[in-house]
Amino acid sequence: MNVDFDRCFQLAMAHQQAGRLRDAEDLHRRILAFDPVQSQSWHLVGLLAYQAGATRRAVSLIARAIIISPGIAGFYGNLGMAARAAGLPRIAFKACRAALSADPAFAPAHYNLGNWHAQDSAPQTAVAAFARASMLGAADMGAYDTLGKVFRASNLREAAVRCYLGAVALGPDESRTYNNLGNLIRESGRIEDAERWYRRSLTLKPDIAETLANLGSLWRDSKKLDFAVGLYRRATVMEPGLGALYRNLCNALTDQGWLAEAAKCGEMAVAVKPEDIAAFRNLLNCSGFRDDVGAEEWRALHERFGRSLTSPPEPLPLAAHRPTLGEKLRIGYLSSDFRVHPVGSSMLQVLRSHDRQQFSIYCYAEVAQPDPITDEFRAAAESWCDSIPLTDAALAERIRADGIHILVCLAGRFDRNRPQIAAWRAAPVQVSLHDVGTSGLAAMDYIIGDRWLLSRRSNEYFSERQLRLPHFYLGELPKNLPQLDIVGRDGPPVFGCCNNPSKITPTALRLWGKILAARPDARLVLKYLDRYSSPTVCQRIVNAMTAAGAKPHQIDMATQGKETVDRFLSQYNTIDVALDTVPFSGSTTSFQALAMGVPVVTWPWDRMVSRWTEAMLRTLDLPELIADSADTYVAIALRLAEERAVWRQRRSEMRHLVETRLCDGKPWTRHLERLYKALWQYHNFNRPALDVHYDP
């Protein structure tokens, strides 16, 4: 009988190795019918169940083998593998430990422990386990790849790079690892190196949607918009059900100014994955640029966004945070713009000007690539938190643990900002600052602007209560501000616009086309980084303006890339009149033009996003530059062209107005602090506060 048993066992193993699982299981069952305590057969039947996807059955069968023959490391190792696949983590972990107790040199158990700790974000423990597995000959490229992901999630980039390079050495034909390496190196700002790794990944597998999208995002960041759009389109064909691809395509099309198509992609991204906050924010941004979105659609879009965030998965109880007598108010600023950025430039003045006898300043920084300005913010804050590694829930808990009284969310819908933190009620009072419209969040208590941005006559929807400073815009003149050319030169007038082409809508192009048609001798200079190196962007603009009466030779689109601030600003000496975009008006660009003494023509619509230039011009007492219709916009521009010599003589006067009225951070911060104190009194002490519609 023993001979028959041995032959059955060997034949069963042959069937199993050849993939004939049913034949193998039948033979093992015959063996167990003859000998029910044959542990090896129970173990192998369990492995067959695992191979067939019956993971819980596999756990039960392998456990019977262990009961019969305890102390065999291989049995425990395979039990752990099956239990992990079955979603039984505690059993899996105990089995892995038992395998090492049975045999401390059992390499697969060390390897599995490494994966376990890696996925549980315990990188140091994972490193030790993988190192032991490697010494015993069990580590492979998958271990290094997994550990690289953990290091990346823990923001330990150099360690992650070393792991991915180790994985590449062991698995040179694995496109996934090349893709991961490209992602990591791109985050470090090494664009050319990242592109090389992405290309190597695509050489191995040309139609992987994730890598196509990653290379597309790299090219979008490098302003190679036409190439980026092409890759995103290919990726959506490969993975039509992946919402992130439509989200990326929405962004790239918005950059090019194809706003209607961008909005469709944004809606697709939201439809595919409604919980994707970034997709919804991209749709909001795209809609903010559009000139065909009415007040009701604008409101409905923000209400949809707000509803998607009103119930966090783990709502936190409301905290009182009542300060004791004499305690400073703790102000938390949450932003991705603590860096070289228009919002950063403005807010750095505020942080430096805060009264530290009355306020403690906490910064929660979503800054992926810090720069020297980031260091200045860090020095100006009393507490600094790198928020990138934190989930929304963890960040909200950190803010609450810090005892923040007023949380200020900066530029909520833009960049990497996280306005959704407000939905967790991270602080008793929550304020939106430097956004261009409502956040749409019921938990965002207030929005700050001024009497023009938040006009009392407007019917624009806001989920927040409105706070008004004497004036909102706070800029900073560069130290090396170019001299003004008040003499000018003979010749026809030159109009100019240095706004993002995303803001250049069909309405703006019709207006500009009419202006150039009325002055056939005039030119329009368009400049924004190297965005006009895109043939698609240029063709869209030329086609629309010539349809409105302009001639192609009147349109001059500059393609220079990055340049120093003084060199960029000095080019305003060649421009007579700046033309604002419609409906999303300029902010920093209008400030820069005015600082160079160039008049800016604007046409504000009935929404906050359209009134930034108007708010500056009202503060500077220049209402004659503000249009109330398409016809008056064209008329003002043509009048300024005729009066360009007079306006050149006023350039020094205009710069002085800008410097004295828009650049003094200390009084601006005092007004802001007055609002903060009033809000805290109103919220926590039930005392009469300042009118939150504050118009001093």
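The values are calculated or read from the model by the stated rules, or taken from the named source; none is laboratory data. Since the structure is predicted, the reported quantities are computational estimates derived from the model, not experimental observations. Positions of Cβ are generated from backbone atoms using ideal geometry, with glycine treated the same way; all protein chains shown enter the neighbour counts.
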For residues in region 70-89 being hydrophobic (A, V, I, L, M, F, W, C) and assigned to a loop (DSSP other than H, G, I, E, B), which is farthest from the chain's Cα centre (by Cα)?
-> I72
Matching residues in region 584-604 (part of a loop (DSSP other than H, G, I, E, B), hydrophobic (A, V, I, L, M, F, W, C) and touching a Lys or Arg at 6+ places or on another chain (Cβ under 8 Å)) number 3
If a residue has to be within 16 Å of V609 (Cβ to Cβ), surrounded by fewer than 20 Cβ atoms within 10 Å (Cβ to Cβ) and aliphatic (A, V, I, L, M) to count, how many in region 486-516 make the cut?
-> 0
Pick from region 623-636 the residues that are surrounded by 18 or more Cβ atoms within 10 Å (Cβ to Cβ) and free of Cβ contacts under 8 Å to residues at least 40 places away in the same chain: which of them is farthest from R651 (Cα to Cα)?
-> A627
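Is it true that G189 is surrounded by fewer than 16 Cβ atoms within 10 Å (Cβ to Cβ) and either charged (D, E, K, R) or touching a helix residue (DSSP H, G or I) at 6+ places or on another chain (Cβ under 8 Å) (or both)?
When the stated conditions are applied, G189 does not pass them.
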Identify, by number, the condition in (1) at pLDDT below 95; (2) surrounded by fewer than 20 Cβ atoms within 10 Å (Cβ to Cβ) that R531 doesn't meet.
-> (2)
Quick check: is even one residue across region 417-430 out of contact with any helix residue (DSSP H, G or I) (no Cβ under 8 Å at 6 or more places or on another chain) and in a loop (DSSP other than H, G, I, E, B)?
-> yes
Is it the case that H43 is surrounded by 15 or more Cβ atoms within 10 Å (Cβ to Cβ), in contact with a Gly (Cβ under 9 Å, 6 or more places away or on another chain) and modelled with pLDDT under 80?
-> yes
Hits in region 654-664 - residues which are surrounded by fewer than 20 Cβ atoms within 10 Å (Cβ to Cβ), in contact (Cβ under 8 Å) with a residue 12 or more places away in the chain and assigned to a helix (DSSP H, G or I) = R655, L657, E659, R661
Is it true that some residue in region 534-549 is assigned to a loop (DSSP other than H, G, I, E, B) and farther than 20 Å from D226 by Cβ?
-> yes
Residues within region 365-393 that are free of Cβ contacts under 8 Å to residues at least 40 places away in the same chain, assigned to a helix (DSSP H, G or I) and under 18 Å from the mean Cα position of the chain (by Cα), tallied | 1
Of these, E460, E397, which one is within 22 Å of I361 (Cβ to Cβ) and not in a strand (DSSP E or B)?
-> E397
Residues that are under 22 Å from F591 (Cα atoms) and aliphatic (A, V, I, L, M), drawn from region 656-686 = L657, V658, L662, L672
Listed residues V537, V577; which is crowded, with 19+ Cβ neighbours inside 10 Å and closer than 27 Å to S287 by Cβ?
-> V537
What number of residues in region 513-553 are in contact with a Cys (Cβ under 9 Å, 6 or more places away or on another chain) and either more than 22 Å from R639 (Cα to Cα) or outside the structural domain of N573 (by TED's automatic domain parsing) (or both)?
-> 3
Do we have I404 as assigned to a loop (DSSP other than H, G, I, E, B), crowded, with 22+ Cβ neighbours inside 10 Å, touching a residue at least 40 places away in the same chain (Cβ under 8 Å) and touching a strand residue (DSSP E or B) at 6+ places or on another chain (Cβ under 9 Å) here?
-> yes
Quick one: how many residues across region 493-519 are assigned to a loop (DSSP other than H, G, I, E, B) and within 19 Å of A645 (Cα to Cα)?
-> 2
Can you pull out the residues in region 553-583 that are part of a loop (DSSP other than H, G, I, E, B), within 30 Å of the chain's Cα centre (by Cα) and farther than 30 Å from S458 by Cβ?
-> A558, T559, Q560, G561, K562, E563, T564
Those residues of region 271-300 which are touching a helix residue (DSSP H, G or I) at 6+ places or on another chain (Cβ under 8 Å), touching a residue at least 40 places away in the same chain (Cβ under 8 Å) and assigned to a helix (DSSP H, G or I), in sequence order | I277, R281, L284, N285, G288, F289, W298
Kindly indicate whether any position in region 105-125 is more than 30 Å from N179 (Cβ to Cβ) and either modelled with pLDDT under 65 or not basic (K, R) (or both).
-> yes
